[in-house]
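What follows is one structure encoded as structure tokens, with my remarks underneath.
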Amino acid sequence: MGSAIASHLIHAGHAVVGFDVRASRQRALRNTGVIAAATCRDVGQRTSIVITSLPSADALMLTVAELGKGPRCPRIVIETSTLPIEVKERARSRLDTLGVVLLDCPISGTGAQARAGDIVVYASGSRVAYRRVAPVLKAFARAHYYVGPFGAGSRMKFVANLLVAIHNVATAEALVLGMKAGLDGAQVLRLVGAGAGSSRILQLRGPMMVKGRYRPPTMTLANFEKDLAIIAAFARKVGVRTPLLSAAAPIYAVATKKNPSLDTAAVFAVLEKMAGISAHSRRTAERRGRSTANVDRGTNPQHRRVRHGSRNV
């Protein structure tokens, strides 16, 4: 996510200083035109606006501690991670003592969508700071919205990700049903996608499911498991039951246990196995689907040519 954001910022004319704890990512940053910093503290000393995209609560608190150690601190930190609101509140309090404004700005979208500039930012916190960083957000996001006081952005992201979690499993379930019934998976994907049953998740992960290919991941099962836990805890705190999320969670757990590095589309493999779809039955369904598609083309008047005497009718 961070490298995609940096690339768009550079393309928009911004000078970007970046840091990643992994050496390989540091080298990749240099290749995109990013000025590689030695530490995250160094990033804060050299820029007035810092964007953080982090995998855990511990990573955020360590980053905040490092930013506070330098002689010079950034003015605004745009925090884009999906983390518990309580953790972000602690980070905000710590930075506030240093005169730094923390904005809660989680991102809706995957790494692949970030590379395409097709992500949405839910910003919350100081409205003045939000207006200050709006040009930065515009450089890497398709849209950005000011949601309200600090934490409102994360609340909106939790709602969005609840739908993503359910849609992903529902997409897998529908495709498995169609394929078990003898339909070609690619045809199901195409025709359902043209109708009322379509969704962004069907478009994004449906092709991965039909092909049975879950690499490279747009979102790993390991990372999404963290998000699921955060959403479930948030729902319990506000007193809302989430029966559909609860039904989907065990399917994610099985997929994650098998291979946490795969894309979340791998929930399809779990449901496929539960339905007893084998590689042989999958190939048979695909052949039957291609045959049906050929019959459809043959009976369509737009594709039919009939010889009548010396003329084509």
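Here are the numbers for the structure shown:
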item: Residues that are within 18 Å of residue 271 (Cβ to Cβ) and hydroxyl-bearing (Ser, Thr, Tyr), drawn from region 236-257; result: 246, 252, 256
item: Unmet requirement for residue 197, which otherwise passes all of (1) modelled with pLDDT under 95; (2) farther than 30 Å from residue 53 by Cα; (3) within 22 Å of the chain's Cα centre (by Cα); result: (1)
item: Those residues of region 41-59 which are under 20 Å from residue 84 (Cβ atoms) and touching a strand residue (DSSP E or B) at 6+ places or on another chain (Cβ under 7 Å), in sequence order; result: 51, 52
item: Filter result for the condition that a residue is in contact (Cβ under 8 Å) with a residue 60 or more places away in the chain, surrounded by fewer than 20 Cβ atoms within 10 Å (Cβ to Cβ), in a helix (DSSP H, G or I) and not charged (D, E, K, R), over 186, 222, 232; result: 186
item: Of the criteria (1) without any contact (Cβ under 8 Å) to a residue 24 or more places away in the chain; (2) within 30 Å of residue 196 (Cβ to Cβ), which one residue 135 fails; result: (2)
item: Test: residue in region 235-251 that is among the β-branched types (Val, Ile, Thr), free of Cβ contacts under 8 Å to residues at least 12 places away in the same chain and part of a helix (DSSP H, G or I); result: yes
item: Answer from 67, 83 - the residue that is within 20 Å of residue 18 (Cα to Cα), crowded, with 21+ Cβ neighbours inside 10 Å, touching a Lys or Arg at 6+ places or on another chain (Cβ under 9 Å) and touching a residue at least 12 places away in the same chain (Cβ under 8 Å); result: 67
item: Some residue of region 118-134 being out of contact with any Lys or Arg (no Cβ under 7 Å at 6 or more places or on another chain), surrounded by fewer than 21 Cβ atoms within 10 Å (Cβ to Cβ) and closer than 22 Å to residue 226 by Cβ; result: no
item: Residue 163 vs. criteria touching a residue at least 40 places away in the same chain (Cβ under 8 Å) and more than 21 Å from residue 50 (Cβ to Cβ); result: no
item: Boolean, residue 100 is without any contact (Cβ under 8 Å) to a residue 40 or more places away in the chain and in contact with a strand residue (DSSP E or B) (Cβ under 8 Å, 6 or more places away or on another chain); result: yes
item: Top-ranked residue in region 95-124 [being closer than 13 Å to residue 52 by Cα and part of a loop (DSSP other than H, G, I, E, B); ranked as farthest from the chain's Cα centre (by Cα)]; result: 105
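Here is a yes/no grid of residues against (1) at pLDDT below 95; (2) more than 18 Å from the chain's Cα centre (by Cα); (3) not in a helix (DSSP H, G or I):
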site: 144; (1), (2), (3): no, no, yes
site: 150; (1), (2), (3): no, yes, yes
site: 160; (1), (2), (3): no, no, no
site: 173; (1), (2), (3): no, yes, no
site: 192; (1), (2), (3): no, yes, no
site: 206; (1), (2), (3): no, no, no
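The values are calculated or read from the model by the stated rules, or taken from the named source; none is laboratory data. Small disclaimer: the values here were computed from a predicted structure and weren't measured. Please note: Cβ atoms are built from the backbone with ideal geometry, for glycine as well, and neighbour counts cover all protein chains shown.
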